[in-house]
């Protein structure tokens, strides 16, 4: 059993040292998404900051119950969105997440969908709770 | 640190003595056993010897032993071969009936589903209780006039549950007596004994089985070789056509070195069986006691009644593959029934059949022990596992 045959170096790095793991108290947006296929659950918190009329993701954190790929996709998505303007987050597709991890095994691509979905729903949650 | 292998229910290493016994049959004694010349007859002799060893172990006759490529092939031949033959016994309007359990290995379940799909058989999948046991009364109730095969696994590979094979054998034999008097169809009894060879009595007479499947690589022989025992008179139609090898039931030039390896391995099992499995049981119990000290961890099944080599746990709030991954980083091999570890993304059908919820199965972790594991290794696992579970639980959201 050698997980380095299954997962890329980057995936294993994120499992070993997850980035931005934990909870944001009083987040501006939050979403919990579950994968009905395998049972993994991912929660994403975001904190938004406004600069020069544009909204930025100031902070992002995750909590995930799931396999190595689910942990790695949730970890890397927080690093991908932190500091980014909300307008740019549309570019973070599940493909982009998988690519950032140096690829995922085909059977684990659904984990990247889960992370992309969590981000989309956390932003939606922010929009709904922060209507101007 | 030496890696700690606790996945013996998946496969075992080839024993040194087994490997030594096999060696000369690759490039020295390489004859085709079907040939009458010296080379061929040397190979023939080696196969015959292996067949005798297996027969002796099972309390069977050598002519009742077929060598195959593994338990999966044995199971396919037993089920499909018997059903195909029954087409000549049962009127076309009636389908032959198979009774099996919902906790069989996929080799049995998928073979049964295939026969159902072809419209060649109807199948009853018996439920199991919380410990994974089939109920004998359920089995009796499921019997129909067209029932021709009962197939029940001896030791379940995922949790170690031991099914009452002997009792089932007795019951079927009694029912068969009545059926024979009334000129009705005989019910044949198959067991998948793959996990049981090392730990339980596998005497086919005592078990009352007509068919028994086993695999080499779970008993320190190589992968790619197995056995089907078929009691004399069990009507099978071969599923692999060609030459007349293996009592005309399995065509193809015999895999001589691997068959020799299997013969050697089963002889070693027989020699060691007298010593019992107390040592492995002691290690397993030590592991269970240690692991159950971790909060919110549950043992699957009743260890005191289960096979001594398997311990499966359900860990709340953690996913199985992630545990396997972090254990693997500490060079410890285990297994899980989590959907994330299966290529089909389905949680273990065995644990679901035992009544566990998918989210519980999500956190399943199986350790399966072998003859070379040590107390120090178990201690190491007990020391490492709590930290891994704690780390993963810290990552998980509170629900």
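The values are calculated or read from the model by the stated rules, or taken from the named source; none is laboratory data. Keep in mind that this is a model prediction, so the values were computed, not measured. No Cβ is skipped: glycine too gets one built from the backbone with ideal geometry, and neighbour counts run over all protein chains shown.
Listed residues B:166, B:179; which is touching a helix residue (DSSP H, G or I) at 6+ places or on another chain (Cβ under 6 Å) and farther than 24 Å from residue B:70 by Cβ? Can you show your working first?
Details: B:179 fails: touching a helix residue (DSSP H, G or I) at 6+ places or on another chain (Cβ under 6 Å).
Exactly one residue qualifies, and that residue is B:166.
Please determine whether any residue of region A:96-107 is more than 14 Å from chain B (Cβ to nearest Cβ), crowded, with 19+ Cβ neighbours inside 10 Å, under 17 Å from residue A:42 (Cα atoms) and touching a helix residue (DSSP H, G or I) at 6+ places or on another chain (Cβ under 7 Å).
Within region A:96-107, the subset more than 14 Å from chain B (Cβ to nearest Cβ) is A:96-103.
Now drop any that are not crowded, with 19+ Cβ neighbours inside 10 Å, which leaves A:97-98, A:101.
Then drop every residue that is not under 17 Å from residue A:42 (Cα atoms), which leaves A:97-98.
Imposing the further condition that a residue be touching a helix residue (DSSP H, G or I) at 6+ places or on another chain (Cβ under 7 Å) reduces the set to A:97-98.
The answer is yes; a qualifying residue exists.
Here region B:319-332 is the region considered, the condition is being more than 24 Å from residue A:114 (Cα to Cα) and free of Cβ contacts under 8 Å to residues at least 12 places away in the same chain, and the residue that is nearest to the other protein chains (Cβ to nearest Cβ) is B:328.
More than 14 Å from chain B (Cβ to nearest Cβ), part of a helix (DSSP H, G or I) and out of contact with any strand residue (DSSP E or B) (no Cβ under 8 Å at 6 or more places or on another chain), is that true of residue A:69? Before you say what the answer is, go through the steps one by one.
Working: more than 14 Å from chain B (Cβ to nearest Cβ): no; part of a helix (DSSP H, G or I): yes; out of contact with any strand residue (DSSP E or B) (no Cβ under 8 Å at 6 or more places or on another chain): yes.
So residue A:69 fails the test.
Checking every residue in region A:9-24 against the condition of being touching a residue at least 40 places away in the same chain (Cβ under 8 Å), within 8 Å of chain B (Cβ to nearest Cβ) and assigned to a strand (DSSP E or B) gives at least one match. When we screen B:297, B:315, B:291 for residues that are away from every other protein chain (no Cβ under 14 Å), within 21 Å of residue B:10 (Cβ to Cβ) and touching a helix residue (DSSP H, G or I) at 6+ places or on another chain (Cβ under 9 Å), the only hit is B:291.
If you take the residues in region B:365-399 that are outside any helix (DSSP H, G or I) and within 11 Å of chain A (Cβ to nearest Cβ), which one is surrounded by the most Cβ atoms within 10 Å (Cβ to Cβ)? It comes out as B:396.
Within region B:129-162, count every residue that is closer than 16 Å to residue B:351 by Cβ and touching a strand residue (DSSP E or B) at 6+ places or on another chain (Cβ under 6 Å).
Residues meeting the conditions: 5.
Anything in region B:333-353 that is more than 30 Å from residue B:2 (Cβ to Cβ), at the interface with another protein chain (Cβ under 9 Å from one of its Cβ atoms) and in a helix (DSSP H, G or I)? List them, or say none. If the condition is that a residue be more than 30 Å from residue B:2 (Cβ to Cβ), at the interface with another protein chain (Cβ under 9 Å from one of its Cβ atoms) and in a helix (DSSP H, G or I), then B:339 is the only one that fits.
Name the one entry in B:153, B:168 that is under 20 Å from the mean Cα position of the chain (by Cα), surrounded by 23 or more Cβ atoms within 10 Å (Cβ to Cβ) and at pLDDT 95 or above.
On the way: B:168 fails: surrounded by 23 or more Cβ atoms within 10 Å (Cβ to Cβ).
Of B:153, B:168, the one residue that is under 20 Å from the mean Cα position of the chain (by Cα), surrounded by 23 or more Cβ atoms within 10 Å (Cβ to Cβ) and at pLDDT 95 or above is B:153.
For region B:123-163, the tally of residues that are touching a helix residue (DSSP H, G or I) at 6+ places or on another chain (Cβ under 7 Å) and more than 18 Å from residue B:353 (Cβ to Cβ) stands at 4. If only residues of region A:28-55 that are without any contact (Cβ under 8 Å) to a residue 40 or more places away in the chain and part of a loop (DSSP other than H, G, I, E, B) are counted, the one that is nearest to the other protein chains (Cβ to nearest Cβ) is A:39. Scanning region B:56-69 for residues that are surrounded by fewer than 21 Cβ atoms within 10 Å (Cβ to Cβ), touching a residue at least 24 places away in the same chain (Cβ under 8 Å) and farther than 11 Å from residue B:203 by Cβ gives B:61, B:63, B:69. Screening region B:274-294 for residues that are surrounded by 12 or more Cβ atoms within 10 Å (Cβ to Cβ) and assigned to a loop (DSSP other than H, G, I, E, B) and picking the one that is nearest to the chain's Cα centre (by Cα) gives B:277. With respect to residue B:358, determine if the residue is within 14 Å of chain A (Cβ to nearest Cβ), farther than 24 Å from residue A:16 by Cβ and surrounded by fewer than 24 Cβ atoms within 10 Å (Cβ to Cβ). Yes.
Which residue out of A:4, A:74 is outside any strand (DSSP E or B), closer than 19 Å to residue A:100 by Cβ, modelled with pLDDT of 95 or more and within 11 Å of chain B (Cβ to nearest Cβ)?
On the way: A:4 fails: modelled with pLDDT of 95 or more.
It is A:74.
Yes/no per residue for (1) part of a loop (DSSP other than H, G, I, E, B); (2) touching a helix residue (DSSP H, G or I) at 6+ places or on another chain (Cβ under 7 Å):
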residue: B:54; (1), (2): no, yes
residue: B:60; (1), (2): yes, yes
residue: B:73; (1), (2): no, no
residue: B:79; (1), (2): no, yes
residue: B:82; (1), (2): no, no
residue: B:88; (1), (2): yes, no
residue: B:91; (1), (2): yes, no
residue: B:100; (1), (2): no, yes
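Suppose the filter is without any contact (Cβ under 8 Å) to a residue 40 or more places away in the chain and surrounded by fewer than 20 Cβ atoms within 10 Å (Cβ to Cβ); does residue B:131 pass it? Taking the combined requirement at face value, the residue does not satisfy it.
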